[in-house]
Every structure is written in C-alpha cells, then in structure tokens.
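Undergrad: After the structure tokens below, expect a handful of questions from me.
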Amino acid sequence: MKTTVVIPAGGKGARFGGDLPIQFIELNGKPLIIRTIEVFNNIEEIEAIVLAVNSEWFTYTKELIGKYDFPKSIDVVVAGVERQDSIYNALHSKFIQDSEIILIHDANRPFLSEKLIRKMIESADDNGAVVCGFRPNDPVKEINQKGEVVKTLQREKLSITQTPQAFWTDLIVNAYEKAREVSYAGSDSSQLVEFNGFKVTIIPGEDQNIKINTKFDFKVAELILNQEN
C-alpha cells in the first residue's frame, strides 16, 4: 500500500528554558524529529513524509533535514495556528494525492516499532480508520467544573490513544475538508472521521511509544535508548 506519513510539528514554544521547540531538542545527540523520521524511513510501504512546521522554523527544518541522507521523499509545509490546521495543510502536499494510506504521527514520539507501523498500515487497508492505544491502568473519573466526581468510568471500555493513526487517504482528506467547512474542532484526527459517521478501529499500542513533553519524559527516553543499545 502506497503510504505517506504526516508529522505535525508546528509547535514553536521553547521548553525547559531553552530556545528550541521540543521537536528540535537533541536526545543523545540527535533531534527528536530526526529520530522520528528515521523510524519511518525503514518501512518499504512508506513513500513520502510530510512535515508541517511553524513558518519561523521552516528554513531551519529544511536545513536540518538536509544534513541527513533520508531515502524517502520529504516535503515541508507551513503549519497552521492549531494542530488540526497544520494537518489540513499537510494533507494538501503534492505527495498526498498518490497515496492510498495516510499515517499521522507526533513529531516527538520516536520510539514506535516498525512492527506497529506495519500493523497500522495493514489494519487501515482493511478497516479504513485505525488508531493504536491501551487500556488505562488506573481508575478514570469524569469530573465537573468544580472538580467533583460525576462518575467513575469502566476501564475495560476505555482506551488511551497514541499515534500513529492511519486512514484511507480519501477518508481523512474528506474528514478534514468537512471539519473546515463547518468549523468543527476535534481532539485528534480520528475524531474528525467519527464526526463524519465512520467507525474507527483500535489496535494495541506499545508501552515504549511515549510522547516526549517533559524533563521526566526525556529521562525515560534516555533509558529506552540505553536499553536498545
């Protein structure tokens, strides 16, 4: 299946007191976004990668990618105000129209396995819309604006989702177009597909497929790298 990966990386805020957005911070000598791209470069089915970055970091990103010998075609587009806008822009890349499957993945989530990526592509081919996730280990409670518990939710009916998310190309493009037309905002891409009335399938995610946002996350990431080495 001809597959293109969309990586929204439009965040421009500095983290940890530094000047760089988190996706450009180095983890053991290599920027997070580069580590994420490298995983997808090993998958034969993937033909292209589209990055959506803030205009202030557009040239920086192009120059950064140029330092690495990536075999896949990589397009860099300007991000929007919100993540949903960034993905919308990426879905208008020249590489999208020739793809059968679209993967959407976080820039600062570099530890997914090739096995998971292939499972996502295969499942999307069969089902049209797929996310990966896992059941929460701790009790989850719904609360009101006062912080009071409304009810305790049943964990066996819940899933904490990760990325990548995978879709038929026409399905996800149409979902984003429809959301734009009616000014609908979703918490993730799959919610836009749900809004269009299409069922989304969930498959098991991976424990090490963490999203790196905090100093603690970086410590965990270093442990993962040390185990791999």
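The values are calculated or read from the model by the stated rules, or taken from the named source; none is laboratory data. Fair warning: this is a prediction, and the values are worked out from it, not measured in the lab. No Cβ is skipped: glycine too gets one built from the backbone with ideal geometry, and neighbour counts run over all protein chains shown.
Undergrad: Can you list residue pairs whose Cβ atoms sit under 7 Å apart, with the first residue in the stretch 79-108 being within 21 Å of Ile210 (Cβ to Cβ) and in contact (Cβ under 8 Å) with a residue 24 or more places away in the chain and the second being of a type in the set (A, V, I, L, M) and in a helix (DSSP H, G or I)? Count only pairs 6 or more apart in sequence or on different chains.
TA: Matching pairs, first to second residue: Leu103/Met120; Ile104/Ile87; Ala107/Leu32; Ala107/Ile33; Asn108/Ile22; Asn108/Leu32.
Undergrad: Applying the selection to the stretch 175-229, what residues are among the charged types (D, E, K, R) and assigned to a helix (DSSP H, G or I)? Working first, answer last.
TA: The first filter runs over the stretch 175-229 and keeps only residues among the charged types (D, E, K, R), leaving 177-178, 180-181, 188, 194, 199, 206-207, 211, 215, 217, 219, 222, 228.
Once the filter is applied, which keeps residues that are among the charged types (D, E, K, R) and assigned to a helix (DSSP H, G or I), the stretch 175-229 yields Glu177, Lys178, Arg180, Glu181, Glu194, Lys215, Asp217, Lys219, Glu222, Glu228.
Undergrad: Going through the stretch 70-88 one residue at a time, which ones are in contact with a strand residue (DSSP E or B) (Cβ under 8 Å, 6 or more places away or on another chain) and not in a loop (DSSP other than H, G, I, E, B)?
TA: Hits for the stretch 70-88 are Ser73, Ile74, Asp75, Val76, Val77, Val78, Arg83, Ser86, Ile87.
Undergrad: Something else: Looking only at the stretch 102-115, decide whether some residue is more than 20 Å from Asn174 (Cα to Cα), touching a His at 6+ places or on another chain (Cβ under 9 Å), at pLDDT 95 or above and buried (at least 23 other Cβ atoms within 10 Å of the Cβ).
TA: Pass one, the stretch 102-115, residues more than 20 Å from Asn174 (Cα to Cα): 106-115.
This time we only want the ones that are touching a His at 6+ places or on another chain (Cβ under 9 Å), so: 112.
Cutting the leftovers down to at pLDDT 95 or above gives us 112.
Among the residues that remain, those that are also buried (at least 23 other Cβ atoms within 10 Å of the Cβ) are: 112.
Checking the stretch 102-115: at least one residue is more than 20 Å from Asn174 (Cα to Cα), touching a His at 6+ places or on another chain (Cβ under 9 Å), at pLDDT 95 or above and buried (at least 23 other Cβ atoms within 10 Å of the Cβ).
Undergrad: Turning to a different aspect of this structure: Tell me, please, whether a residue that is of a type in the set (Gly, Ala, Ser), surrounded by fewer than 18 Cβ atoms within 10 Å (Cβ to Cβ) and in contact (Cβ under 8 Å) with a residue 40 or more places away in the chain can be found in the stretch 155-166.
TA: Narrowing the stretch 155-166 to residues of a type in the set (Gly, Ala, Ser): 159, 166.
Filter once more, keeping what is surrounded by fewer than 18 Cβ atoms within 10 Å (Cβ to Cβ): 159.
Right, trim to in contact (Cβ under 8 Å) with a residue 40 or more places away in the chain and you get 159.
So far as the stretch 155-166 goes, yes, one or more of its residues are of a type in the set (Gly, Ala, Ser), surrounded by fewer than 18 Cβ atoms within 10 Å (Cβ to Cβ) and in contact (Cβ under 8 Å) with a residue 40 or more places away in the chain.
Undergrad: Output the residues belonging to the stretch 89-137 that are over 16 Å from Phe167 (Cα atoms), in a helix (DSSP H, G or I) and polar (S, T, N, Q).
TA: Asn89 - this is the single residue of the stretch 89-137 that is over 16 Å from Phe167 (Cα atoms), in a helix (DSSP H, G or I) and polar (S, T, N, Q).
Undergrad: Charged (D, E, K, R) and either at pLDDT 95 or above or within 15 Å of the chain's Cα centre (by Cα) (or both), is that true of Glu177? Break it down stepwise before answering.
TA: Working: charged (D, E, K, R): yes; either at pLDDT 95 or above or within 15 Å of the chain's Cα centre (by Cα) (or both): yes.
Here the answer is yes, as Glu177 does meet what is asked.
Undergrad: Same structure, new question: Please identify the pairs in which a residue from the stretch 201-229 that is farther than 21 Å from Met120 by Cβ has its Cβ atom under 8 Å from the Cβ atom of a residue that is assigned to a helix (DSSP H, G or I), counting only partners at least 6 apart or on another chain.
TA: Asn213/Ile22
Undergrad: Then there's this: Tally up the residues in the stretch 51-92 that are crowded, with 21+ Cβ neighbours inside 10 Å and of a type in the set (Gly, Ala, Ser), please.
TA: Number satisfying all stated conditions: 4.
Undergrad: Are any residues in the stretch 138-162 touching a helix residue (DSSP H, G or I) at 6+ places or on another chain (Cβ under 9 Å) and either within 19 Å of Gly80 (Cβ to Cβ) or of a type in the set (A, V, I, L, M, F, W, C) (or both), and if so, which ones?
TA: Listed by number, the list holds a single entry, Val140.
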